[in-house]
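Inspection log for the structure reproduced underneath, given as structure tokens.
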Amino acid sequence: MALWFSESASDGHRLEWKIRRVLYTGRSPYQTVEVVETETFGPSLVLDGIMQTTSGDEYIYHEMLAWVPVNAHPHPERVLIIGGGDGGLAREVLSSPRVTEVALVEIDPLVVDVAKRFLPKHAGSFSDPRLSIEIADGLEYLRSPDNGNWDLILVDSTDPEGTGPGSVLYTEEFHHLVHRALKDDGLYVQQSGTPTYNPEVLTQASASVAQVFALCRVYWCVVPTYPGGFFTFTSGSKQHDLMSFRPDPVPH
């Protein structure tokens with residue numbers, strides 16, 4: 001009998017992945033953490049029953065979250081990543097030779113641990129000397145006046161559902177702290193979900209960012225893993241417009 005992992009996108013739409021085996025199941029103080037090996041997309045991370053990232057199509061999401069702001073900013077040297085404990089976003093950011101320092105702030109150490117063990121495509125960046133990893137709450141991290149002066153701040157989090165660890169990262173308080181922590185020409189991007197099934201996430205994020213930043217832009221891509229495939233990102237900028245995107249070759 002085939003083994004399937006199932007996730008409900010809505011009351012009337014369900015996503016399913018045929019899996020070869022369950023590689024890991026555990027529980028942190030924040031969430032249930034699982035790694036399953038899917039037949040089509042390979043080893044994949046599941047948090048609280050929601051598919052987060054797969055080895056097969058993660059590059060689409062991580063390249064869009066990383067390379068659009070990296071290429072829109074003229075000197076993206078210092079980059080703060082909040083969330084992203086699987087390492088995929090850090091890998092893409094560190095692929096740019098213009099980046100000299102990346103700090104990754106992840107609230108859940110179990111996510112980092114399972115990525116090192118089961119998601120080598122994601123976690124290859126963890127050995128890069130330009131990367132530092134701090135296990136901390138992103139909101140509390142930004143509250144410290146010492147954690148500032150960033151060129152880019154990128155948020156790779158779970159959706160703001162319920163009281164999960166990603167919920168505070170979509171508030172106006174958080175966006176004010178991001179604004180303070182950026183340099184005068186700094187730029188911010190966070191994932192803002194799929195508008196097909198969770199339009200309130202995009203509405204909440206973009207409305208809040210537009211209140212805080214001089215420029216707010218929304219861009220999108222197609223990620224097969226996510227419900228509906230259509231996935232968005234919201235940007236806040238003090239100066240540099242994402243529409244001024246200057247593409248550099250993405251290393252392979």
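The values are calculated or read from the model by the stated rules, or taken from the named source; none is laboratory data. All values reported here derive from a predicted model rather than from experimental measurement. Reconstructed Cβ throughout: ideal geometry from the backbone, glycine too, with neighbour counts over all protein chains shown. The area values use the complete protein model at the heavy-atom level, side chains included, leaving out ligands, DNA and RNA. Shrake-Rupley method; radii C 1.70, N 1.55, O 1.52, S 1.80 Å.
For Lys183, list the lysines whose Cα falls under 22 Å from its own Cα; do not include residues on the same chain fewer than 8 positions away.
Straight-distance partners of Lys183: Lys238.
Along the positive direction of the dipole of the chain (beta-carbon charges: Lys, Arg +1; Asp, Glu -1; about the Cα centre), which of Tyr30, Phe231, Leu119 reaches farthest?
Leu119
Determine the gain in length on full extension of the stretch Asp185-Ser8; use 0.36 nm per residue of separation and subtract their C-alpha separation, reporting nm with one decimal.
59.7 nm
Expressed as an acute angle from 0 to 90° and rounded to the nearest 10, what is the orientation of the C-alpha long axis of helix 172-181 relative to the principal long axis of the chain?
So the inclination is approximately 50 degrees.
Classify segment 99-252 as rounded, prolate or oblate from the Cα gyration tensor: take a ≥ b ≥ c as the square roots of its eigenvalues, call it rounded if a/c is under 1.5, otherwise prolate when a/b beats b/c and oblate if not.
rounded
Classify segment 168-249 as rounded, prolate or oblate from the Cα gyration tensor: take a ≥ b ≥ c as the square roots of its eigenvalues, call it rounded if a/c is under 1.5, otherwise prolate when a/b beats b/c and oblate if not.
Here segment 168-249 falls in the oblate category.
Less than 13 Å Cβ to Cβ from Ala115, Lys/Arg counted +1 and Asp/Glu -1: what total charge do the surrounding residues give?
So the environment of Ala115 carries a net charge of -3.
In nm, to one decimal, how far is the modelled label at Thr25 from the one at Asp48, with both set 7 Å along Cα→Cβ?
1.9 nm
When the accessible area of the chain is computed with all protein chains present and a 1.4 Å probe, what percentage of it is carbon and sulfur?
Working: 5680 of 10880 Å².
Accessible surface attributable to carbon and sulfur in the chain totals 52 percent.
If I build a Gaussian network model for the chain, linking alpha-carbon pairs within less than 10 angstrom, which residue out of His73, His122, His13 has the largest mean-square fluctuation?
Taking springs between Cα atoms under 10 Å, the residue moving most is His13.
Roughly how many debye, to the nearest 20, is the charge dipole of the chain about its Cα centre, given +1 on each Lys and Arg Cβ, -1 on each Asp and Glu Cβ, and no other charges?
Taking the Cα centre of the chain as origin, the dipole is about 420 debye.
Rounded to the nearest whole Å², what accessible area per residue is found for the chain with the 1.4 Å probe?
Per-residue value: 43 Å².
Any chance you could look up the accessible area of Arg21 with a 1.4 Å probe, heavy atoms only, rounded to 10 Å²?
130 Å²
Which whole-angstrom value gives the distance between the alpha carbon centres of segment 194-219 and segment 57-81?
18 Å
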